[in-house]
Amino acid sequence: MVSGMYETVRYTYRLRPGRRAQAALLGEWGRCRWLWNEAVHQQKTGRKPTMCKLSKLLTEARGRSAWLREGSQVAQQQTLRTYATALDHSFKVKGRGRPKKKRKKDALPSLEYTTRGFRIKDGRLCLPGKVTVPVVWSRDLPSAPSSARVYRDSLGHWYASFVVKRDRAETAEAELPGIGVDWGVKTTAATTDTRFDLPHLGHRKRCAAELAKAQRTMARRRRPKGHAASKGYLDAKRRAARIAKKAARQNTHDARVWAKRVTDHHALIAVEDFKPKFLAKTRMARKAADAAIGTCKRELIELGTRAGRRVVLVPPAYTTMTCSVCGTRAKERLGLGVRVFDCAACGHSADRDVNAARTILATAERHRASADDIRHSITSFRDGGSDAVRAGNPGLAGREIPADSSVGIR
Ligand SMILES: [Zn+2]
(Lines give C-alpha, C1' and ligand atoms only; values in the text may rest on other atoms or scores of the structure.)
Protein backbone atom coordinates (compact mmCIF):
# COMPACT_ATOMS: atom_id res chain seq x y z
CA MET A 1 0.00 0.00 0.00
CA VAL A 2 2.55 2.57 1.06
CA SER A 3 4.77 3.85 -1.70
CA GLY A 4 8.45 4.45 -1.03
CA MET A 5 10.71 3.25 1.71
CA TYR A 6 11.30 6.70 3.18
CA GLU A 7 9.10 9.31 4.70
CA THR A 8 9.81 12.99 5.15
CA VAL A 9 9.27 14.27 8.67
CA ARG A 10 10.30 17.05 11.01
CA TYR A 11 12.54 16.47 14.01
CA THR A 12 12.54 19.26 16.57
CA TYR A 13 15.18 19.99 19.21
CA ARG A 14 15.54 22.51 21.97
CA LEU A 15 18.26 25.10 21.43
CA ARG A 16 20.30 26.78 24.14
CA PRO A 17 21.56 29.96 22.54
CA GLY A 18 23.92 32.12 24.58
CA ARG A 19 23.43 35.82 25.06
CA ARG A 20 25.35 36.73 21.91
CA ALA A 21 23.66 34.12 19.75
CA GLN A 22 20.26 35.18 21.00
CA ALA A 23 20.95 38.80 20.12
CA ALA A 24 22.14 37.69 16.68
CA LEU A 25 19.01 35.59 16.10
CA LEU A 26 16.76 38.46 17.14
CA GLY A 27 18.70 40.79 14.83
CA GLU A 28 18.18 38.35 11.99
CA TRP A 29 14.51 38.12 12.82
CA GLY A 30 14.21 41.92 12.84
CA ARG A 31 15.55 42.11 9.29
CA CYS A 32 13.35 39.27 8.04
CA ARG A 33 10.31 40.79 9.73
CA TRP A 34 11.02 44.10 8.02
CA LEU A 35 11.14 42.34 4.63
CA TRP A 36 7.92 40.48 5.31
CA ASN A 37 6.16 43.73 6.24
CA GLU A 38 7.57 45.39 3.14
CA ALA A 39 6.06 42.62 1.01
CA VAL A 40 2.71 43.02 2.80
CA HIS A 41 2.88 46.74 2.09
CA GLN A 42 3.52 46.12 -1.62
CA GLN A 43 0.56 43.79 -1.79
CA LYS A 44 -1.68 46.33 -0.05
CA THR A 45 -0.67 49.15 -2.38
CA GLY A 46 -1.81 47.15 -5.37
CA ARG A 47 1.41 45.70 -6.72
CA LYS A 48 0.72 42.00 -6.33
CA PRO A 49 4.16 40.68 -5.44
CA THR A 50 5.18 37.64 -7.44
CA MET A 51 8.25 35.69 -6.33
CA CYS A 52 10.16 37.40 -9.16
CA LYS A 53 9.17 40.86 -7.89
CA LEU A 54 9.99 39.82 -4.34
CA SER A 55 13.47 38.70 -5.37
CA LYS A 56 13.97 42.07 -7.01
CA LEU A 57 12.76 43.77 -3.85
CA LEU A 58 15.34 41.84 -1.85
CA THR A 59 18.20 42.65 -4.23
CA GLU A 60 17.32 46.34 -4.26
CA ALA A 61 16.80 46.56 -0.52
CA ARG A 62 20.11 44.82 0.16
CA GLY A 63 21.84 47.14 -2.30
CA ARG A 64 20.41 50.18 -0.56
CA SER A 65 20.84 49.23 3.04
CA ALA A 66 23.95 48.02 4.82
CA TRP A 67 21.75 46.96 7.71
CA LEU A 68 20.07 44.32 5.55
CA ARG A 69 23.37 43.20 4.02
CA GLU A 70 24.59 42.37 7.51
CA GLY A 71 21.97 39.62 7.67
CA SER A 72 21.87 36.23 5.98
CA GLN A 73 20.62 36.27 2.41
CA VAL A 74 19.33 32.71 2.77
CA ALA A 75 17.11 33.58 5.74
CA GLN A 76 15.82 36.69 3.96
CA GLN A 77 15.07 34.79 0.75
CA GLN A 78 13.26 32.11 2.69
CA THR A 79 11.15 34.74 4.48
CA LEU A 80 9.96 36.08 1.13
CA ARG A 81 9.39 32.57 -0.17
CA THR A 82 7.23 31.79 2.88
CA TYR A 83 5.38 35.04 2.27
CA ALA A 84 4.78 34.15 -1.40
CA THR A 85 3.38 30.76 -0.38
CA ALA A 86 1.13 32.33 2.26
CA LEU A 87 -0.15 34.84 -0.30
CA ASP A 88 -0.76 32.09 -2.83
CA HIS A 89 -2.73 30.09 -0.27
CA SER A 90 -4.84 33.12 0.60
CA PHE A 91 -6.24 32.93 -2.94
CA LYS A 92 -6.56 29.16 -3.20
CA VAL A 93 -7.40 27.85 0.26
CA LYS A 94 -10.87 28.72 1.49
CA GLY A 95 -10.95 30.70 4.70
CA ARG A 96 -7.29 31.67 4.53
CA GLY A 97 -6.73 35.42 4.87
CA ARG A 98 -4.02 37.52 3.24
CA PRO A 99 -0.68 37.47 5.08
CA LYS A 100 -0.65 40.17 7.75
CA LYS A 101 2.06 42.44 9.03
CA LYS A 102 4.20 40.95 11.77
CA ARG A 103 4.26 43.31 14.71
CA LYS A 104 7.31 43.50 16.90
CA LYS A 105 5.34 43.17 20.12
CA ASP A 106 3.54 39.93 19.30
CA ALA A 107 5.04 38.13 16.29
CA LEU A 108 7.21 35.20 17.41
CA PRO A 109 10.66 34.96 15.83
CA SER A 110 10.99 32.29 13.16
CA LEU A 111 13.83 31.86 10.67
CA GLU A 112 14.15 29.40 7.80
CA TYR A 113 17.41 28.10 6.40
CA THR A 114 18.16 25.87 3.44
CA THR A 115 21.30 23.70 3.40
CA ARG A 116 23.20 26.72 2.08
CA GLY A 117 22.46 28.58 5.28
CA PHE A 118 23.25 26.17 8.09
CA ARG A 119 25.36 23.21 9.10
CA ILE A 120 25.85 21.03 12.12
CA LYS A 121 29.35 20.88 13.49
CA ASP A 122 30.49 19.26 16.73
CA GLY A 123 26.90 18.97 17.86
CA ARG A 124 26.25 22.67 17.42
CA LEU A 125 24.03 24.41 14.92
CA CYS A 126 26.11 26.84 12.86
CA LEU A 127 24.23 29.73 11.25
CA PRO A 128 25.35 32.63 9.04
CA GLY A 129 27.27 35.42 10.74
CA LYS A 130 29.39 32.99 12.79
CA VAL A 131 26.50 32.23 15.10
CA THR A 132 26.76 28.84 16.79
CA VAL A 133 24.05 27.46 19.03
CA PRO A 134 24.24 24.36 21.25
CA VAL A 135 21.50 21.85 20.48
CA VAL A 136 19.89 19.50 22.99
CA TRP A 137 20.05 16.27 20.99
CA SER A 138 17.13 14.50 22.61
CA ARG A 139 17.25 11.86 19.84
CA ASP A 140 19.47 11.19 16.85
CA LEU A 141 18.78 12.73 13.46
CA PRO A 142 17.84 9.90 11.09
CA SER A 143 19.51 11.60 8.10
CA ALA A 144 21.22 14.81 7.10
CA PRO A 145 18.57 17.55 7.29
CA SER A 146 17.51 19.32 4.09
CA SER A 147 16.29 22.46 5.82
CA ALA A 148 16.03 23.99 9.26
CA ARG A 149 13.59 26.29 10.99
CA VAL A 150 14.84 28.16 14.04
CA TYR A 151 12.08 29.63 16.17
CA ARG A 152 11.17 30.92 19.61
CA ASP A 153 7.93 30.04 21.37
CA SER A 154 5.74 32.17 23.62
CA LEU A 155 7.78 31.14 26.66
CA GLY A 156 11.00 32.42 25.18
CA HIS A 157 12.41 28.95 24.45
CA TRP A 158 14.30 28.45 21.21
CA TYR A 159 13.95 25.40 18.98
CA ALA A 160 15.37 24.06 15.73
CA SER A 161 13.14 21.92 13.57
CA PHE A 162 14.88 19.92 10.83
CA VAL A 163 13.29 18.33 7.77
CA VAL A 164 14.72 14.81 7.47
CA LYS A 165 14.08 11.52 5.70
CA ARG A 166 13.69 8.34 7.68
CA ASP A 167 12.87 4.71 6.99
CA ARG A 168 9.19 4.07 6.91
CA ALA A 169 8.22 1.86 9.82
CA GLU A 170 6.30 -1.26 8.85
CA THR A 171 2.76 -1.27 10.17
CA ALA A 172 1.07 -4.58 10.79
CA GLU A 173 -2.16 -5.38 8.97
CA ALA A 174 -5.19 -4.05 10.82
CA GLU A 175 -7.49 -6.69 12.26
CA LEU A 176 -10.60 -4.49 12.16
CA PRO A 177 -12.06 -3.25 8.85
CA GLY A 178 -13.13 0.32 9.51
CA ILE A 179 -14.03 2.97 12.04
CA GLY A 180 -16.12 6.14 11.81
CA VAL A 181 -15.21 9.17 13.91
CA ASP A 182 -17.66 11.93 14.85
CA TRP A 183 -16.34 14.95 16.78
CA GLY A 184 -18.19 16.54 19.67
CA VAL A 185 -17.99 18.76 22.74
CA LYS A 186 -18.68 16.27 25.54
CA THR A 187 -17.06 13.31 23.83
CA THR A 188 -14.21 14.61 21.76
CA ALA A 189 -14.38 11.59 19.46
CA ALA A 190 -17.46 9.38 19.31
CA THR A 191 -16.76 6.30 17.19
CA THR A 192 -18.59 3.33 15.75
CA ASP A 193 -16.79 1.18 18.32
CA THR A 194 -17.16 2.51 21.88
CA ARG A 195 -13.83 0.97 22.87
CA PHE A 196 -12.18 3.66 20.79
CA ASP A 197 -14.23 6.64 22.01
CA LEU A 198 -12.24 9.53 23.37
CA PRO A 199 -13.93 11.46 26.22
CA HIS A 200 -13.28 15.17 26.43
CA LEU A 201 -10.15 15.54 28.51
CA GLY A 202 -10.44 19.23 29.12
CA HIS A 203 -6.85 20.00 30.00
CA ARG A 204 -7.43 23.55 28.92
CA LYS A 205 -10.55 23.84 31.01
CA ARG A 206 -8.80 22.41 34.05
CA CYS A 207 -6.14 25.06 33.68
CA ALA A 208 -8.73 27.79 33.14
CA ALA A 209 -8.87 28.92 36.79
CA GLU A 210 -5.11 29.15 37.02
CA LEU A 211 -5.04 30.98 33.71
CA ALA A 212 -7.75 33.40 34.77
CA LYS A 213 -5.76 34.25 37.90
CA ALA A 214 -2.69 35.06 35.85
CA GLN A 215 -4.76 37.15 33.48
CA ARG A 216 -6.30 39.10 36.37
CA THR A 217 -2.82 39.91 37.62
CA MET A 218 -1.91 41.06 34.11
CA ALA A 219 -4.93 43.38 34.01
CA ARG A 220 -4.06 44.80 37.43
CA ARG A 221 -0.43 45.41 36.57
CA ARG A 222 -1.02 46.78 33.10
CA ARG A 223 0.41 50.25 32.65
CA PRO A 224 -1.06 52.94 30.38
CA LYS A 225 -0.05 53.02 26.74
CA GLY A 226 3.38 54.40 26.10
CA HIS A 227 4.83 53.22 29.43
CA ALA A 228 7.14 50.25 29.74
CA ALA A 229 5.47 47.12 31.10
CA SER A 230 6.07 46.43 34.80
CA LYS A 231 7.95 43.41 36.08
CA GLY A 232 4.80 42.06 37.71
CA TYR A 233 2.94 42.32 34.42
CA LEU A 234 5.66 40.49 32.50
CA ASP A 235 5.83 37.77 35.15
CA ALA A 236 2.07 37.20 34.97
CA LYS A 237 2.21 37.17 31.17
CA ARG A 238 4.88 34.51 31.27
CA ARG A 239 2.90 32.48 33.78
CA ALA A 240 -0.22 32.64 31.58
CA ALA A 241 1.77 31.51 28.56
CA ARG A 242 3.26 28.60 30.51
CA ILE A 243 -0.17 27.37 31.67
CA ALA A 244 -1.62 27.53 28.15
CA LYS A 245 1.38 25.71 26.73
CA LYS A 246 1.20 22.96 29.31
CA ALA A 247 -2.48 22.31 28.52
CA ALA A 248 -1.76 22.24 24.79
CA ARG A 249 1.08 19.74 25.31
CA GLN A 250 -1.14 17.42 27.34
CA ASN A 251 -3.82 17.62 24.66
CA THR A 252 -1.32 16.71 21.97
CA HIS A 253 0.02 13.81 23.98
CA ASP A 254 -3.43 12.33 24.63
CA ALA A 255 -4.46 12.87 21.02
CA ARG A 256 -1.37 11.05 19.78
CA VAL A 257 -1.88 8.06 22.06
CA TRP A 258 -5.52 7.79 20.99
CA ALA A 259 -4.76 8.25 17.27
CA LYS A 260 -2.07 5.55 17.44
CA ARG A 261 -4.54 3.09 18.97
CA VAL A 262 -7.17 3.82 16.31
CA THR A 263 -4.63 3.58 13.50
CA ASP A 264 -3.12 0.32 14.76
CA HIS A 265 -6.44 -1.48 14.66
CA HIS A 266 -8.30 -0.19 11.59
CA ALA A 267 -7.77 -0.45 7.84
CA LEU A 268 -10.23 2.32 6.97
CA ILE A 269 -10.52 5.48 9.02
CA ALA A 270 -13.52 7.68 8.22
CA VAL A 271 -13.22 11.10 9.84
CA GLU A 272 -15.77 13.85 10.07
CA ASP A 273 -14.19 16.80 8.28
CA PHE A 274 -14.90 19.18 11.13
CA LYS A 275 -13.74 22.79 10.88
CA PRO A 276 -13.28 24.22 14.36
CA LYS A 277 -12.86 27.81 13.26
CA PHE A 278 -16.54 28.58 12.89
CA LEU A 279 -17.39 27.68 16.44
CA ALA A 280 -14.30 28.86 18.24
CA LYS A 281 -15.57 32.40 18.56
CA THR A 282 -18.12 31.60 21.21
CA ARG A 283 -17.64 30.20 24.67
CA MET A 284 -14.60 29.08 26.59
CA ALA A 285 -15.72 25.42 26.89
CA ARG A 286 -16.47 25.32 23.19
CA LYS A 287 -13.07 26.80 22.49
CA ALA A 288 -11.32 24.16 24.59
CA ALA A 289 -13.29 21.39 22.87
CA ASP A 290 -12.48 22.79 19.44
CA ALA A 291 -8.81 22.90 20.24
CA ALA A 292 -8.90 19.28 21.37
CA ILE A 293 -10.78 18.24 18.21
CA GLY A 294 -8.34 20.09 15.98
CA THR A 295 -5.40 18.33 17.60
CA CYS A 296 -7.04 14.89 17.47
CA LYS A 297 -8.05 15.26 13.84
CA ARG A 298 -4.56 16.36 12.82
CA GLU A 299 -2.87 13.50 14.67
CA LEU A 300 -5.30 10.90 13.37
CA ILE A 301 -4.88 11.96 9.74
CA GLU A 302 -1.14 12.13 10.07
CA LEU A 303 -0.65 8.78 11.79
CA GLY A 304 -3.26 7.06 9.60
CA THR A 305 -1.77 8.15 6.30
CA ARG A 306 1.74 7.41 7.51
CA ALA A 307 0.74 3.88 8.43
CA GLY A 308 -0.75 3.45 4.96
CA ARG A 309 -4.34 3.23 6.16
CA ARG A 310 -7.21 4.48 4.04
CA VAL A 311 -8.18 7.81 5.53
CA VAL A 312 -11.34 9.45 4.21
CA LEU A 313 -12.61 12.86 5.25
CA VAL A 314 -16.38 13.04 5.24
CA PRO A 315 -18.12 16.44 5.11
CA PRO A 316 -20.01 17.07 8.35
CA ALA A 317 -23.21 18.26 6.68
CA TYR A 318 -26.22 16.00 7.39
CA THR A 319 -24.20 13.28 9.18
CA THR A 320 -26.24 13.68 12.38
CA MET A 321 -29.57 13.67 10.52
CA THR A 322 -28.95 10.75 8.17
CA CYS A 323 -29.95 7.22 9.17
CA SER A 324 -26.93 4.93 9.22
CA VAL A 325 -29.04 1.88 8.36
CA CYS A 326 -31.24 2.96 5.45
CA GLY A 327 -29.53 6.21 4.51
CA THR A 328 -32.68 8.32 4.69
CA ARG A 329 -32.11 11.94 5.61
CA ALA A 330 -34.42 13.30 8.31
CA LYS A 331 -36.54 16.29 7.33
CA GLU A 332 -35.39 18.36 10.25
CA ARG A 333 -32.11 18.90 12.00
CA LEU A 334 -31.80 17.20 15.41
CA GLY A 335 -31.96 19.70 18.26
CA LEU A 336 -28.80 19.96 20.37
CA GLY A 337 -30.52 18.40 23.39
CA VAL A 338 -31.84 15.40 21.45
CA ARG A 339 -29.50 12.53 22.26
CA VAL A 340 -31.26 9.77 20.35
CA PHE A 341 -31.71 9.50 16.60
CA ASP A 342 -34.98 7.94 15.43
CA CYS A 343 -35.40 7.12 11.79
CA ALA A 344 -38.85 7.92 10.43
CA ALA A 345 -38.33 5.66 7.41
CA CYS A 346 -37.09 2.37 8.88
CA GLY A 347 -37.64 2.87 12.60
CA HIS A 348 -33.96 2.50 13.46
CA SER A 349 -33.06 4.06 16.78
CA ALA A 350 -29.57 4.78 18.08
CA ASP A 351 -27.52 7.19 20.14
CA ARG A 352 -27.13 10.41 18.19
CA ASP A 353 -23.32 10.33 18.11
CA VAL A 354 -23.10 6.62 17.34
CA ASN A 355 -25.52 7.03 14.43
CA ALA A 356 -23.46 9.95 13.10
CA ALA A 357 -20.23 7.94 13.37
CA ARG A 358 -21.85 5.01 11.53
CA THR A 359 -23.14 7.31 8.79
CA ILE A 360 -19.62 8.71 8.40
CA LEU A 361 -18.18 5.21 8.10
CA ALA A 362 -20.88 4.12 5.64
CA THR A 363 -20.20 7.19 3.49
CA ALA A 364 -16.50 6.43 3.42
CA GLU A 365 -17.11 2.78 2.53
CA ARG A 366 -19.23 3.83 -0.44
CA HIS A 367 -16.66 6.33 -1.53
CA ARG A 368 -14.23 5.40 -4.25
CA ALA A 369 -11.68 8.08 -4.84
CA SER A 370 -11.10 8.97 -8.45
CA ALA A 371 -7.60 9.83 -9.62
CA ASP A 372 -8.63 13.46 -9.79
CA ASP A 373 -9.87 13.37 -6.24
CA ILE A 374 -6.56 12.13 -4.99
CA ARG A 375 -4.54 14.68 -6.87
CA HIS A 376 -6.74 17.42 -5.53
CA SER A 377 -6.48 16.25 -1.98
CA ILE A 378 -2.70 16.08 -2.19
CA THR A 379 -2.45 19.71 -3.21
CA SER A 380 -5.00 20.97 -0.77
CA PHE A 381 -3.36 18.98 1.96
CA ARG A 382 0.10 20.28 1.30
CA ASP A 383 -1.35 23.73 1.01
CA GLY A 384 -2.50 24.03 4.51
CA GLY A 385 -2.54 20.92 6.57
CA SER A 386 -5.60 19.20 7.86
CA ASP A 387 -7.98 22.11 7.88
CA ALA A 388 -7.38 22.73 4.19
CA VAL A 389 -8.71 19.40 2.98
CA ARG A 390 -12.05 20.36 1.62
CA ALA A 391 -14.48 17.73 0.62
CA GLY A 392 -16.53 18.61 -2.43
CA ASN A 393 -20.26 19.19 -2.22
CA PRO A 394 -22.17 18.48 0.95
CA GLY A 395 -23.81 15.46 -0.67
CA LEU A 396 -22.05 13.12 1.75
CA ALA A 397 -19.14 12.38 -0.55
CA GLY A 398 -15.90 11.62 1.20
CA ARG A 399 -12.44 12.64 0.20
CA GLU A 400 -9.59 10.23 0.53
CA ILE A 401 -6.17 11.24 1.66
CA PRO A 402 -3.44 9.35 -0.17
CA ALA A 403 -0.93 7.48 1.91
CA ASP A 404 2.13 9.21 0.51
CA SER A 405 1.14 12.85 1.13
CA SER A 406 3.77 14.34 3.38
CA VAL A 407 1.38 15.58 5.98
CA GLY A 408 3.86 16.44 8.67
CA ILE A 409 5.81 18.91 6.58
CA ARG A 410 4.55 22.42 6.80
ZN1 LIG B 1 -33.47 4.38 8.57
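For the range 314-335, check the following and say yes or no: at least one residue is away from the ligand (no atom under 16 Å from the Cβ), modelled with pLDDT under 90, buried (at least 21 other Cβ atoms within 10 Å of the Cβ) and within 30 Å of the chain's Cα centre (by Cα).
Yes - at least one qualifying residue is present in the range 314-335.
In contact with a helix residue (DSSP H, G or I) (Cβ under 7 Å, 6 or more places away or on another chain) and within 28 Å of Glu175 (Cβ to Cβ): is that true of Ile243 in this structure?
Working: in contact with a helix residue (DSSP H, G or I) (Cβ under 7 Å, 6 or more places away or on another chain): yes; within 28 Å of Glu175 (Cβ to Cβ): no.
Answer is no for this residue.
Among the residues of the range 85-108, are any within 19 Å of the chain's Cα centre (by Cα), closer than 20 Å to Val131 by Cβ and either hydrophobic (A, V, I, L, M, F, W, C) or surrounded by fewer than 15 Cβ atoms within 10 Å (Cβ to Cβ) (or both)?
Checking the range 85-108: at least one residue is within 19 Å of the chain's Cα centre (by Cα), closer than 20 Å to Val131 by Cβ and either hydrophobic (A, V, I, L, M, F, W, C) or surrounded by fewer than 15 Cβ atoms within 10 Å (Cβ to Cβ) (or both).
When you go through (1) at negative phi; (2) without any contact (Cβ under 8 Å) to a residue 60 or more places away in the chain one by one for Gly226, which number turns out not to apply?
Against the list (1) at negative phi; (2) without any contact (Cβ under 8 Å) to a residue 60 or more places away in the chain, Gly226 comes up short only on (1).
Mind checking which residues of the range 336-347 are near the ligand (Cβ under 10 Å from one of its atoms) and assigned to a loop (DSSP other than H, G, I, E, B)?
Within the range 336-347, the subset near the ligand (Cβ under 10 Å from one of its atoms) is 341-347.
Within the range 336-347, Cys343, Ala344, Ala345, Cys346, Gly347 qualify.
Please verify whether Arg298 is in contact with a helix residue (DSSP H, G or I) (Cβ under 7 Å, 6 or more places away or on another chain), open to solvent by 60 Å² or more (accessible area, probe 1.4 Å) and either closer than 27 Å to Leu176 by Cα or within 16 Å of the ligand (Cβ to nearest atom) (or both), treating the condition exactly as stated.
So Arg298 fits the description; yes.
Please work out if Lys213 is open to solvent by 50 Å² or more (accessible area, probe 1.4 Å) and either among the β-branched types (Val, Ile, Thr) or out of contact with any helix residue (DSSP H, G or I) (no Cβ under 7 Å at 6 or more places or on another chain) (or both).
yes
Looking for whichever is under 28 Å from Ala160 (Cα atoms) and surrounded by fewer than 19 Cβ atoms within 10 Å (Cβ to Cβ) here; the options are Arg64, Arg47, Arg31, Arg14. Which one fits?
Testing whether each residue is under 28 Å from Ala160 (Cα atoms) and surrounded by fewer than 19 Cβ atoms within 10 Å (Cβ to Cβ) leaves just Arg14.
With the condition kept exactly as written, say whether any residue in the range 188-199 is at pLDDT 90 or above and polar (S, T, N, Q).
yes
Need the failing condition index for Arg310 against (1) in contact with a strand residue (DSSP E or B) (Cβ under 6 Å, 6 or more places away or on another chain); (2) away from the ligand (no atom under 16 Å from the Cβ); (3) open to solvent by less than 20 Å² (accessible area, probe 1.4 Å); (4) at pLDDT 85 or above, just the number.
So Arg310 meets the others, but not (3).
So which of Arg116, Arg124, Arg139 is under 15 Å from Thr79 (Cβ atoms) and open to solvent by 60 Å² or more (accessible area, probe 1.4 Å)?
Arg116
Can you spot a residue in the range 348-360 that is within 9 Å of the ligand (Cβ to nearest atom) and more than 24 Å from Pro177 (Cβ to Cβ)?
no
The values are calculated or read from the model by the stated rules, or taken from the named source; none is laboratory data. On a predicted model such as this, the values are computed, not experimentally measured, just so you know. In this analysis, Cβ positions are derived from the backbone assuming ideal geometry, glycine residues included, and neighbour counts consider all displayed protein chains. Only protein heavy atoms, including side chains, enter the accessible area calculation; ligands, DNA and RNA are left aside. Shrake-Rupley method; radii C 1.70, N 1.55, O 1.52, S 1.80 Å.
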